[in-house]
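Have a look at the structure below, then the notes.
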Amino acid sequence: MATRVLSSSPKLLNNLRSFIKPLNSASAAAASPLNFDEKPELSTVEKQHPIATTLHQPTTNLDLDDHQKLFASVPTLRLLRSSVNLGLASNETFVDFGMWVMNSRLMETPLLRDIILKTVKHTFFEHFCAGETTTEAGECVRKIQEAGLRGMLVYAVEHTSDNAGCDRNLEGFLQSVEFAKSLPPSSVSFVIAKITAICPISLLKRMSDLLRWQYKDSSLNLPWKLNTLPIFTDSSPLYHTLQRPQPLTPQEESDLELAHQRLLKLCQKCAQYNVPLTIDAEDTSIQPAIDYFTYSSAIMYNKDDNPIVYGTMQAYLKDARERLFNTARTAEKLGIPMGFKLVRGAYMSSETKLASSLGFDSPVHNTIQDTHDCFNDCASFMIEKIADGYGGLILATHNLESGKLAASKARNLGIEKGNQKLEFAQLYGMSEALSFGLRNAGFQVSKYLPYGPVDMVMPYLLRRAEENRGLLSTSSLDRTLMGKELKRRLKSPQFAKPEMAATAAGSMKIEIGTP
């Protein structure tokens with residue numbers, strides 16, 4: 001195993017809005033002891049654009065009103081189908097009924113299950129997913145590349161409870177990396193993986209308990225722990241672990257080693273093919289273990305200003321800003337180019353309910369505006385780092401204001417068009433106006449593309465329906481703009497011509513049944 005950890009996790013930074021000057025070399029950084037109490041010297045960009053200013057009013061040319069220009073690359077049938085699917089998905093009564101059906105005993109009857117899955121496949125699956133096979137997913141990547149977008153490949157397996165299942169999932173992830181390499185250059189920006197798919201959930205909970213307790217009590221020795229980056233701050237939710245946990249059993253340590261080797265094999269494949277890997281976030285009960293796996297792997301594989309392994313920060317958590325600043329600062333000082341995907345978060349209800357049941361405040365921000373502010377502060381911080389030549393950032397957002405502010409910030413700092421270290425991302429089938437608007441403004445934009453058999457992807461679809469019900473019901477921009485563009489096309493003289501009708505009919509044959 002790699003070198004063991006030599007010291008406990010560092011404490012919360014005294015000054016959250018101070019940053020360090022980039023070091024000249026990794027070796028020089030490694031030779032210098034870390035002092036988290038000293039006031040760091042600001043970089044040139046940070047002096048000129050302090051974090052207190054965050055993201056200024058947008059000045060970049062991000063046009064989200066011209067529906068004809070935004071949807072110019074989208075076929076009419078696809079546009080019509082997207083409008084219908086988004087309309088259904090925004091209806092909470094319909095979503096509730098669909099979720100009840102999918103979780104009911106109706107799915108235990110083979111005939112009914114077959115009917116339900118086929119219905120789902122030709123509606124929501126085709127709208128939100130890239131296909132069942134790599135062939136279908138490859139065709140989806142080709143289509144979005146023609147539209148000026150890139151794909152994030154997601155082999156959509158999630159939670160696993162045994163080593164056999166973890167091994168199968170690893171093979172799927174490895175094939176996803178090979179598949180990404182086989183596609184046209186730059187058409188795939190990232191491969192996405194979940195640690196919950198290659199490490200049993202029960203082990204992730206045990207590891208998280210031990211990591212939390214070690215943060216509270218540095219005398220706790222974890223013999224299995226590798227070098228990592230800061231995982232906690234003093235404001236992190238530690239209430240999951242109220243008593244000193246028992247050490248990992250020999251069997252658990254063996255399972256941990258297997259999980260670690262799976263992740264290293266995946267990272268090695270990504271490094272070999274130069275395909276960046278993003279590790280998705282989960283709920284706070286197991287996120288410490290996921291961060292540990294992510295950061296320990298990043299230390300091994302992120303070299304020469306090329307972040308191969310990206311972690312995920314959830315801005316709806318109260319400690320997100322502090323953790324991002326702390327982790328990025330440490331990585332930079334050690335000469336490790338760290339990449340992050342920034343999201344708002346997806347477990348608000350369950351996180352709040354669990355904390356309340358234990359008598360603690362929710363780890364989630366008290367207001368949506370606090371979450372927006374945290375997301376924008378974190379985005380500003382990392383955009384400044386990129387402008388200063390450090391790290392990588394995926395801004396995964398459906399929020400129009402955050403997209404405009406980040407685009408403006410990037411332009412103001414001189415981040416050039418096509419910069420590979422800054423990627424905007426939205427879920428496939430959602431926030432099309434924002435995706436196309438950012439594309440038209442010259443930014444790299446990706447779509448999150450889950451693929452796999454319908455029944456395997458079903459947990460993903462159910463979570464999307466639950467997590468995004470508020471977004472889909474309150475954000476009507478896409479549906480409004482799609483409606484305007486459909487009306488414009490239907491009124492167009494060219495649409496009425498016989499040859500156009502024949503083309504539309506041919507397009508319909510091609511489009512039906514494809515994502």
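Write down the accessible area per residue of region 140-188 in Å², having rolled a 1.4 Å probe over the full set of protein chains.
The answer is 42 Å² per residue.
As an exercise, use a Förster radius of 22 Å and the Cβ-Cβ distance of Asp217 and Asp283 to find the FRET efficiency, rounded to the nearest 0.05.
0.40
Tell me the label-point distance for the pair Lys69, Glu257, using the 7 Å Cα-to-Cβ offset, in nm and rounded to one decimal.
So the label points at Lys69 and Glu257 sit 6.0 nm apart.
Could you list which residues have their amide H under 5 Å from that of Gly151, counting only those 5 or more apart in sequence or on another chain, with H placed in the peptide plane?
Distant-sequence amide H within range of Gly151: Val188, Ser189, Lys447.
Using amide H atoms built 1.01 Å from N in the peptide plane, name the residues 5+ places from Tyr310, or on other chains, whose amide H lies under 5 Å from its own.
Result for Tyr310 returns Leu277, Thr278, Ile279.
Limiting things to C-alpha atoms, what are the Rg and the maximum Cα-Cα separation (Dmax) for region 187-327, in angstroms?
Reported Rg and Dmax, both Å: 14.9, 48.
In the full protein assembly as shown, how much of His240 is accessible to a 1.4 Å probe, in Å² to the nearest 10?
It works out to around 40 Å².
In whole Hz, with x marking every Gly and Pro, tabulate ³J(HN,Hα) for region 265-277 from phi via Karplus 6.51 cos²θ - 1.76 cosθ + 1.60, θ = phi - 60°.
Per-residue couplings from phi come out as 5, 5, 4, 4, 5, 5, 5, 4, 9, 6, 10, x, 10 Hz.
Sorting check: for 397-404, 149-156, which peptide has the highest mean count of neighbouring beta carbons within 10 Å, and how do the rest follow?
Descending packing order for the listed peptides: 149-156, 397-404.
Any idea what the relative contact order of region 271-346 is, in percent, if you count C-alpha pairs under 8 Å spaced at least 6 apart?
That works out to 34 percent.
Grab the other residues whose beta carbon is less than 11 angstrom from that of Pro363, score K and R as +1, D and E as -1, and report the net.
Once all neighbours under 11 Å are counted, the net charge is -3.
Kindly write out, for region 455-460 in residue order, the coupling ³J(HN,Hα) from the Karplus curve 6.51 cos²θ - 1.76 cosθ + 1.60 (θ = phi - 60°), rounded to whole Hz, with x marking Gly and Pro.
Ordered by residue, 3J(HN,Hα) equals 5, 6, 7, 3, x, 5 Hz.
Given q = 0.13, 0.19 Å⁻¹, what are the Debye log10 I(q)/I(0) values for region 192-240, with equal point scatterers placed on the Cα positions and solvent ignored?
Log10 of I(q)/I(0), two decimals: -0.35, -0.74.
Residue by residue through region 239-246, which ³J(HN,Hα) values in whole Hz follow from phi under the Karplus form 6.51 cos²θ - 1.76 cosθ + 1.60 (θ = phi - 60°), with glycine and proline marked x?
6, 4, 10, 9, 10, 4, x, 6
Quick one: of Lys121/Lys265; Lys225/Lys341; Lys205/Lys225; Lys341/Lys409; Lys265/Lys404, which pairs are farther than 27 Å apart, Cα to Cα?
Long pairs (Cα-Cα over 27 Å): Lys121/Lys265; Lys265/Lys404.
Between Lys303 and Asp234, what is the label-to-label distance in nm when each label sits 7 Å out along the Cα-to-Cβ direction?
Simple spin-label model gives 3.9 nm for this pair.
Could you sort Trp224, Trp213, Trp100 by accessible area so the largest value comes first, with the probe set to 1.4 Å?
Per-residue accessible area, sorted high to low, gives Trp100, Trp213, Trp224.
Round to a whole number: what % of the accessible area of region 127-264 belongs to carbon and sulfur, probe 1.4 Å?
It is 51 percent, rounded to a whole number.
Stokes-Einstein at 4 °C, 1.567 mPa s, Kirkwood radius from Cα pairs: D for region 319-431 in µm² s⁻¹?
Estimated via Stokes-Einstein, D reaches 85 µm²/s.
Compute the relative contact order of region 122-269 as a whole-number percentage, counting only Cα pairs closer than 8 Å that sit 6 or more residues apart in sequence.
Relative contact order comes out at 24 percent.
With the crude spin-label approximation of a point 7 Å out along Cα→Cβ, what separation in nm comes out for Ser187 versus Leu358?
4.6
Contour minus end-to-end for Asp96 and Leu400, with contour as 0.36 nm per residue of separation and end-to-end as the Cα-Cα distance?
106.8 nm
The values are calculated or read from the model by the stated rules, or taken from the named source; none is laboratory data. Remember, it's a predicted structure, so these values are computed and weren't measured experimentally. Ideal geometry is used to build each Cβ from the backbone, glycine not excepted, and the neighbour counts take in all protein chains shown. Keep in mind that these areas ignore ligands, DNA and RNA; they rest on the heavy atoms of the full protein, side chains included. Shrake-Rupley method; radii C 1.70, N 1.55, O 1.52, S 1.80 Å.
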